[in-house]
Amino acid sequence: MNLIVNTLKLYNMKKLSKYKLNKISKNLDYFFNHATDKEIEEGLKWYKNAHNFVIDTSNKYDLQPFRVASVVSALSPRNKWKKNLIDADKVCEAFNLGLQPTDIKVCTFHTNKFKAFNILNNNTSITNKSLKTFNFVNNIAYLCENSLTVDIWHLRACFNKVIKIDNASIGRVAYEQIKNLTIKKAVKLGLKGYELQAIIWIAAQRLITNK
C-alpha cells in the first residue's frame, strides 16, 4: 500500500458510500498494522492517563469531571499536550481562588482561556453540537466506550492523505459512520474504540507527512 500525501479537502462531507467506508476500513487497518509496539503501548495508555488527570484534578478542586475535561478541551488548540494539562490545572486553581482570566497566562489563545473560565462559571458548556469536542470530553472524563474522537489525524488516517486543518470539516452523518466503523473494528481486536483511535493517532503522525 502506497502512502498518498496529496492534500484532500473534505468540505463538510456528508454520508459516506459503502465503497468509501470500505476504503476507510482498509486504511485504518494499514495504520494499525504499521504501528510499532511502543506506539501500541502508548496508545493503550493515552486516554487512561488523560482520564486519571481529569479525575485527580476534579477531586483536587472539587469540580465535576465533565467540566474539568471541558476545560482541557477548551485549552487544547495549538497547545502541546503537557502544556495543555498544566494550563488546565492552572485555570481550575485560579477559578477556585476567585481569580479572573486576565490574572493568569496560558499557552493557547485568549479566547480559549476565557472559554475555559466560562465553562467553570457555567456560562457555557460542551454539547453534541460539536461532535469531535463532545466525544473527546466524554472519552477523557468517563472513558466512554460509545464515544470516539474523530480529529484531524484520525481523518488523515481514514483517507490516507494529508488533510489541511481548515478543510477537515465533515457532516454529522459522516462523523457517526466513521465513529461506528472505528469502534466496531476496535471491538473485533479486543480493544476500546478510544484505544484504537489513540494507536492510529500516534502511528499516523509518524507515517503521514504533513505538507
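Mind checking whether some residue in segment 22-35 is in a loop (DSSP other than H, G, I, E, B), touching a helix residue (DSSP H, G or I) at 6+ places or on another chain (Cβ under 9 Å) and modelled with pLDDT of 95 or more?
Yes, that holds for at least one residue.
Every residue in segment 153-169 that is surrounded by fewer than 21 Cβ atoms within 10 Å (Cβ to Cβ) and closer than 18 Å to Phe134 by Cβ, please.
Selection gives Ala168, Ser169.
So, of the residues in segment 127-152 that are buried (at least 22 other Cβ atoms within 10 Å of the Cβ) and among the hydrophobic types (A, V, I, L, M, F, W, C), which turns out to be farthest from Tyr30 (Cα to Cα)?
Restricting to residues being buried (at least 22 other Cβ atoms within 10 Å of the Cβ) and among the hydrophobic types (A, V, I, L, M, F, W, C), the top hit is Ala141.
Which helices (runs of 4 or more DSSP H) does segment 48-142 wholly contain that include 3 or more residues that are in contact (Cβ under 8 Å) with a residue 60 or more places away in the chain? So that I can check it myself, show each step before the final result.
Numbers: elements: 65-74, 81-96, 110-120, 131-142.
Once the helices (runs of 4 or more DSSP H) in segment 48-142 are filtered for at least 3 residues that are in contact (Cβ under 8 Å) with a residue 60 or more places away in the chain, what remains is 65-74, 131-142.
Do we have any residue at all in segment 65-80 that's over 29 Å from Glu176 (Cβ atoms) and of a type in the set (Lys, Arg)?
For segment 65-80, residues over 29 Å from Glu176 (Cβ atoms) and of a type in the set (Lys, Arg): present.
Looking at (1) at pLDDT 95 or above; (2) over 15 Å from Asn27 (Cβ atoms); (3) outside any loop (DSSP other than H, G, I, E, B), can you tell me which one Asp166 breaks?
(1)
Restricting attention to segment 172-184, does a residue exist that is more than 26 Å from Pro101 (Cβ to Cβ) and either touching a Pro at 6+ places or on another chain (Cβ under 6 Å) or assigned to a loop (DSSP other than H, G, I, E, B) (or both)?
First, pick out the residues of segment 172-184 that are more than 26 Å from Pro101 (Cβ to Cβ): 172-184.
Adding the requirement that they be either touching a Pro at 6+ places or on another chain (Cβ under 6 Å) or assigned to a loop (DSSP other than H, G, I, E, B) (or both) leaves none.
No, that holds for no residue.
Which of (1) modelled with pLDDT of 95 or more; (2) in contact with a Lys or Arg (Cβ under 7 Å, 6 or more places away or on another chain); (3) within 19 Å of Ile200 (Cβ to Cβ) is the odd one out, the single condition Thr108 does not satisfy?
For Thr108, the exception is condition (3).
Within segment 26-45, work out how many residues are over 19 Å from the mean Cα position of the chain (by Cα) and surrounded by fewer than 16 Cβ atoms within 10 Å (Cβ to Cβ).
7
If I filter segment 123-139 for residues that are in contact with a Pro (Cβ under 9 Å, 6 or more places away or on another chain) and within 21 Å of Pro65 (Cβ to Cβ), do I get at least one hit? Can you show your working first?
Residues of segment 123-139 in contact with a Pro (Cβ under 9 Å, 6 or more places away or on another chain): none.
No, the conditions are met nowhere in segment 123-139.
Looking only at segment 52-105, count every residue that is under 23 Å from the mean Cα position of the chain (by Cα) and closer than 18 Å to Ile126 by Cβ and tell me the total.
27
The values are calculated or read from the model by the stated rules, or taken from the named source; none is laboratory data. For clarity, every value in this text was computed on a predicted model and none was experimentally measured. A quick note on method: Cβ atoms are made from the backbone with ideal geometry, for glycine too, and the neighbour counts reach across all protein chains shown.
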